[in-house]
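First the structure, in the form of structure tokens, and then the observations on it.
The values are calculated or read from the model by the stated rules, or taken from the named source; none is laboratory data. These numbers come from a predicted model, not from an experiment. Ideal geometry is used to build each Cβ from the backbone, glycine not excepted, and the neighbour counts take in all protein chains shown. Surface accessibility is based on the protein's heavy atoms, side chains included, excluding ligands, DNA and RNA. Shrake-Rupley method; radii C 1.70, N 1.55, O 1.52, S 1.80 Å.
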Amino acid sequence: MQPTSGEAKPGVSSLNRRPRILVVDDDRLVQDSLSRLLGAQNYEAMTAGGGQQALAAVERMQFDVVLLDLNMPGMSGVDVLGELARRGVATPVIVVSGDNAIDSAVSALRNGAADFIRKPYKPEELLKRIDNTLSNHQLERENGQIQQRLQQSEKWHRFLVNTSPDFIYTLDNEGRFSFVNDRVESLLGFVRSELVGRHFSEIIHEEDLFRAEHVFNERRADTRASRNVELRLKCKDGQQRPRVMNGRYRTVEVTATGMYEFPESRFDNRFVGTYGVVKDISDRKQAEETVHYQTYHDLLTGLPNRAKFRDHLGRALVHGKRKQQALSVMILDLDNFRVVNDSLGHGVGDELLIHIAARLRQCLADDDILARLGGDEFAVLLPDAASRLEATVVGHKLIESLNTPLRIKGHELFITASIGASFAPEDGAVADTLIRQTEIAMYQAKAQGGCRVQHWQPAMQEAFSGRIQMESDLRRALASDEFVLFYQPQVDAMTGAIKGFEALVRWWHPERGIVLPDAFVPLAEETGVVVPMGEWILRQAAAQQALWRKSGLPPVRVSVNISPRQLETADFVGSVLRALEANQLEPGAIELEITENVLMRDVESNAAKLAQLVEAGVRLAVDDFGTGYSSLKYLNRFPIHTLKIDRAFVKDSELDGMSIANAIVGMARNLNLNVIAEGVESIAQLELLRSLQCSEVQGYLFGMPMSAQEATRLLQEQLHGGEELATAG
């Protein structure tokens, strides 16, 4: 086979190359003549001497036209046509044959030939037939490509529609579904066939039907069409739908546009239906409702919170003014609830609050409002209270509901409550004012011993203002350097030698003078001031210890009280070690005192922190031992060095023969712990403690808390062989 070259023939096809033609004929002269003729017309001609060569050539390269002779030895032209068809070769074939029988032409065309031309032929006619065949084939190819693209586009469109996260639909001009995508099944529980032909109103929530009539079945188009209109769609009955809102419907946003036929005249357009996209926003709505609920409700008890209670109270005041009705506000605070949290943990405390909320709710009428303001503080609104007496009766009923002990996680708990009450409009008609006054009355009830109802009285304002002023002064005291440390000696019970000092904070108030810890430490604990104050005490005690060491005085330890809130800070361990390092002290120079209830408060975290300090060399003591809950159960969890017997057991020692103190000393001896008895005020108490082999004692018999200068003088006297403290009484 020999190709014939030449320039590209313009206008024959859209190919980027010259049309390639295969001449198949067993006559060599015919091959040569056709090759010259085609080459002269800028076709690329190749030849094959028989059917097998033709099929081999078609396998190797693409041809645009095949000129095929019918009568060839071995494999006829009809056989070639059949094989090309079997192999799926789409190249058009023009049969060029000397057979004049009509049957030959019909057979060739039936077997797939694009054209038939008889020999002899005029060159012009052959070229015209070739050009027509090329043009027709090019048109067929382009139409096929267009059809293929349309089919692919439709396939992609259906894929996008059916895999869309949105419910896509079309309605006919009567509002019936003519198409729905697959998303409808996961959204509403309907299969597609169940909705097609049904009216859209069948899946609309009854309360939304009016809006849906103008939105779901939209007739407007372009910019006037509906966009993102919120509706509710009903789920299929009996389906286990995901729980959203109440599980019976979905909240969606609908975007819809009208569909029209546009004939030649734009005035003759005809409405044929609606196309819409439905976006599921149930999760978003549920999240919004959850946020709204959390904003206005207490998550532990499910009760309204302070913001919601204030809203209820505001609306009740407006209603009461309009109807000339009185109302009462009460605030209830649990007495000594912190002891439960500190001793038994927050898990028990939270469970207790849930049970208390349930009991309180049972005491109230349906129209009454119960809220949790925070912590262990609850509020009650009696919107129809006729008198203070009626409010008092309800208040006592609430207190009595707590008389029966609660059993929480194996613990039997007895809880009392203090209640403050105010009456509107006599005590005020502004929500915030009533709440503030009621809280003041509640604080007054607690100050009177708790477990009572106290109504607001104007005289209470002054006392409460004094508390507010003290809190303000306390926050300023640290920056103003108004705190000072006093030191109470801890001595050897047998020899009277000073073994250490307990550092005790005092507040040197610029107007009140010396303020003792009982008057401000509880407030400092409540407000959080105790944390920076505790860090200051650590640094000050360490600095004083370092000064004694540098002065060559006898080595003694300094004990520092640690509050629960201080221990729970993230940097507690670092603050202790920094205080020691800054004063170049060995860790054993400082002993940290924790109260017994700290042993049960956040056990895992506190135990880890204290273990870290003990590993560094810091000593630990348990203060007021024997006054807490189940402390022996947790004692082995903490690396304790010292137990301090509470002063209450020492004070009663002369009456009960020191039985409790004896038990504590014996237990400490078995655990190889140091024991310090607090509150020793008489020789008789000292002798009893000596008989029990108590290690150390502390109390007024050996010295009241004293200034750093006085403590220094005592150490100097001990250094120079002065009188022993044990003989001071």
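Here are a few things to note about the model shown:
- Residue in the stretch 549-562 that is assigned to a helix (DSSP H, G or I), among the basic types (Lys, Arg) and within 24 Å of residue 593 (Cα to Cα) present: yes
- Any hit, the stretch 324-337, residues being out of contact with any Gly (no Cβ under 6 Å at 6 or more places or on another chain), at negative phi, exposed (fewer than 14 other Cβ atoms within 10 Å of the Cβ) and not charged (D, E, K, R): no
- Residue 333 touching a residue at least 24 places away in the same chain (Cβ under 8 Å), closer than 15 Å to residue 378 by Cα and in contact with a Ser or Thr (Cβ under 8 Å, 6 or more places away or on another chain): yes
- Taking the criterion of being of a type in the set (A, V, I, L, M, F, W, C) and either at pLDDT 90 or above or part of a loop (DSSP other than H, G, I, E, B) (or both), the residues of the stretch 210-230 that qualify are 216, 221, 225.
- Among (1) β-branched (Val, Ile, Thr); (2) farther than 23 Å from residue 18 by Cα; (3) at pLDDT 90 or above - the single one residue 102 does not satisfy: (3)
- Being modelled with pLDDT under 90 and closer than 26 Å to residue 393 by Cβ holds for only one residue in 342, 335, and it is 335.
- Qualifying residue in the stretch 421-431 (condition: of a type in the set (Ser, Thr, Tyr) and open to solvent by 10 Å² or more (accessible area, probe 1.4 Å)): no
- Taking the stretch 20-113 as the region of interest, the helices (runs of 4 or more DSSP H) fully inside it that hold 1 or more residues being of a type in the set (D, E, K, R) and within 21 Å of residue 137 (Cβ to Cβ) are 51-60, 77-87, 102-110.
- The stretch 676-700, residues that are surrounded by 18 or more Cβ atoms within 10 Å (Cβ to Cβ) and under 13 Å from residue 491 (Cβ atoms): 676, 677, 678, 680, 686, 689, 694, 695, 696, 697, 698, 699
- Filter pass, residue 423 being aromatic (Phe, Trp, Tyr) and without any contact (Cβ under 8 Å) to a residue 24 or more places away in the chain: no
- Single unsatisfied condition, residue 367 versus (1) in a helix (DSSP H, G or I); (2) surrounded by fewer than 18 Cβ atoms within 10 Å (Cβ to Cβ): (1)
- Listed by first and then second residue, the pairs linking a residue in the stretch 427-452 that is among the polar types (S, T, N, Q) to a residue that is crowded, with 22+ Cβ neighbours inside 10 Å, with Cβ atoms under 6 Å apart and 6 or more places separating them unless they lie on different chains, are 437/422; 437/456; 438/329; 438/331; 438/420; 438/422; 444/454.
- Taking residues in the stretch 184-200 that are in a helix (DSSP H, G or I), and partners anywhere that are among the aromatic types (Phe, Trp, Tyr), the pairs with Cβ atoms closer than 6 Å and at least 6 places apart or on different chains are 184/167; 184/190; 187/167; 195/177; 200/216.
- When 666, 703, 628 are checked against the criterion of being surrounded by 16 or more Cβ atoms within 10 Å (Cβ to Cβ), outside any strand (DSSP E or B) and modelled with pLDDT of 85 or more, a single residue qualifies: 703.
- In this entry, residue 373 is excluded by the filter for residues that are open to solvent by 10 Å² or more (accessible area, probe 1.4 Å), of a type outside the set (Val, Ile, Thr), more than 28 Å from the chain's Cα centre (by Cα) and within 26 Å of residue 294 (Cβ to Cβ).
- Flag: residue 418 matches the condition of being open to solvent by less than 50 Å² (accessible area, probe 1.4 Å) and farther than 13 Å from residue 328 by Cα.
- Matching option when the condition is within 20 Å of residue 572 (Cα to Cα) and either at pLDDT below 85 or among the aliphatic types (A, V, I, L, M) (or both), among 504, 547, 516: 504
- Scope the stretch 687-723; condition under 17 Å from residue 666 (Cα atoms), touching a strand residue (DSSP E or B) at 6+ places or on another chain (Cβ under 7 Å) and not hydroxyl-bearing (Ser, Thr, Tyr); matching residues: 689, 694, 696, 697
- Those strands (runs of 3 or more DSSP E) of the stretch 437-521 in which 1 or more residues are in contact with a His (Cβ under 9 Å, 6 or more places away or on another chain) and more than 30 Å from residue 397 (Cβ to Cβ) occupy 513-515.
- The residues of the stretch 44-103 that are of a type in the set (S, T, N, Q) and in contact with an Asp or Glu (Cβ under 8 Å, 6 or more places away or on another chain), listed by number, are 47, 71, 91, 97.
- Inter-residue pairs, beta-carbon under 7 Å, first closer than 11 Å to residue 523 by Cα and in the stretch 472-485, second of a type in the set (Gly, Ala, Ser) and assigned to a helix (DSSP H, G or I), 6+ apart: 474/524
- Lone qualifier among 306, 270 - being farther than 27 Å from residue 378 by Cα and open to solvent by 30 Å² or more (accessible area, probe 1.4 Å): 270
Table: residues versus (1) in contact with a helix residue (DSSP H, G or I) (Cβ under 8 Å, 6 or more places away or on another chain); (2) at pLDDT 80 or above.
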residue	(1), (2)
555	yes, yes
589	yes, yes
621	no, yes
636	no, no
642	no, yes
656	no, no
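- The set of residues from the stretch 531-561 being β-branched (Val, Ile, Thr) and open to solvent by 10 Å² or more (accessible area, probe 1.4 Å) comprises 531, 537.
- The condition of being over 41 Å from the mean Cα position of the chain (by Cα) and crowded, with 20+ Cβ neighbours inside 10 Å holds for only one of 489, 510, 517, that being 489.
- The set of residues in the stretch 378-410 being touching a residue at least 24 places away in the same chain (Cβ under 8 Å), within 37 Å of the chain's Cα centre (by Cα) and loosely packed, with under 13 Cβ neighbours inside 10 Å consists of 409 alone.
- Qualifying positions in the stretch 274-319 - closer than 30 Å to residue 188 by Cβ and either part of a loop (DSSP other than H, G, I, E, B) or among the hydrophobic types (A, V, I, L, M, F, W, C) (or both): 277, 278, 281, 287, 291
- Evaluating residue 321 against the criteria (1) within 28 Å of residue 523 (Cβ to Cβ); (2) surrounded by 12 or more Cβ atoms within 10 Å (Cβ to Cβ) leaves one unmet condition, (1).
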